[in-house]
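Asks: This is the structure I want to talk about, given as structure tokens.
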Amino acid sequence: MADEFIKGLAILTGSGMVWFTVASWYRTEGFGGTQLIAPRPEEDLGTYGEALIVVGDIALYFALIGAITFWVLVPAFREGRRAWDERQRAE
């Protein structure tokens, strides 16, 4: 179980740092305004800016889905498989 926790934590922190970095560069209007969740900037960002916006969105979803997968789905699947094996042996 500790192995799954560390994998989920590593995905969450690594992808979270990528998202925080990209969001702070491109989705922060100002120090006193909306930070990290501001709408996408309207001006032309160029090829690299557009690519970083996409990378930031992917990093956010990867962080959330990865943590949920290793903290909830993998342990639940293992418990279900263990319970299924015990049920089969009891019959």
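Asks: Are any of the residues in the range 13-22 hydroxyl-bearing (S, T, Y), open to solvent by less than 80 Å² (accessible area, probe 1.4 Å) and not in a helix (DSSP H, G or I)?
Replies: The answer is no, given that none of the residues of the range 13-22 is hydroxyl-bearing (S, T, Y), open to solvent by less than 80 Å² (accessible area, probe 1.4 Å) and not in a helix (DSSP H, G or I).
Asks: What number of residues in the range 23-53 are in a helix (DSSP H, G or I) and over 30 Å from V72 (Cα atoms)?
Replies: 8
Asks: Separate question: Suppose we filter E79, E4 for residues that are part of a helix (DSSP H, G or I) and either modelled with pLDDT of 90 or more or of a type in the set (G, A, S) (or both); which single one remains?
Replies: One residue alone meets the criteria, E79.
Asks: Another question, then. I'd like to check something: does the range 54-67 contain any residue that is open to solvent by less than 50 Å² (accessible area, probe 1.4 Å) and either basic (K, R) or assigned to a loop (DSSP other than H, G, I, E, B) (or both)? Even if it seems obvious, please write down each step before you answer.
Replies: Just the residues of the range 54-67 that are open to solvent by less than 50 Å² (accessible area, probe 1.4 Å), to begin with: 56, 59, 63, 66-67.
Restricting the remaining residues to those that are either basic (K, R) or assigned to a loop (DSSP other than H, G, I, E, B) (or both) gives none.
No; the residues of the range 54-67 include none that is open to solvent by less than 50 Å² (accessible area, probe 1.4 Å) and either basic (K, R) or assigned to a loop (DSSP other than H, G, I, E, B) (or both).
Asks: Working only within the range 36-50, note down all residues that are open to solvent by 80 Å² or more (accessible area, probe 1.4 Å) and over 25 Å from I68 (Cα atoms).
Replies: Across the range 36-50, the qualifying residues are P39, R40, E42, E43, D44, T47, Y48.
The values are calculated or read from the model by the stated rules, or taken from the named source; none is laboratory data. Predicted, not measured: the structure shown is a model, and the values here were computed from it. These area figures cover heavy atoms from the full protein model, side chains too; ligands, DNA and RNA do not enter into them. Shrake-Rupley method; radii C 1.70, N 1.55, O 1.52, S 1.80 Å.
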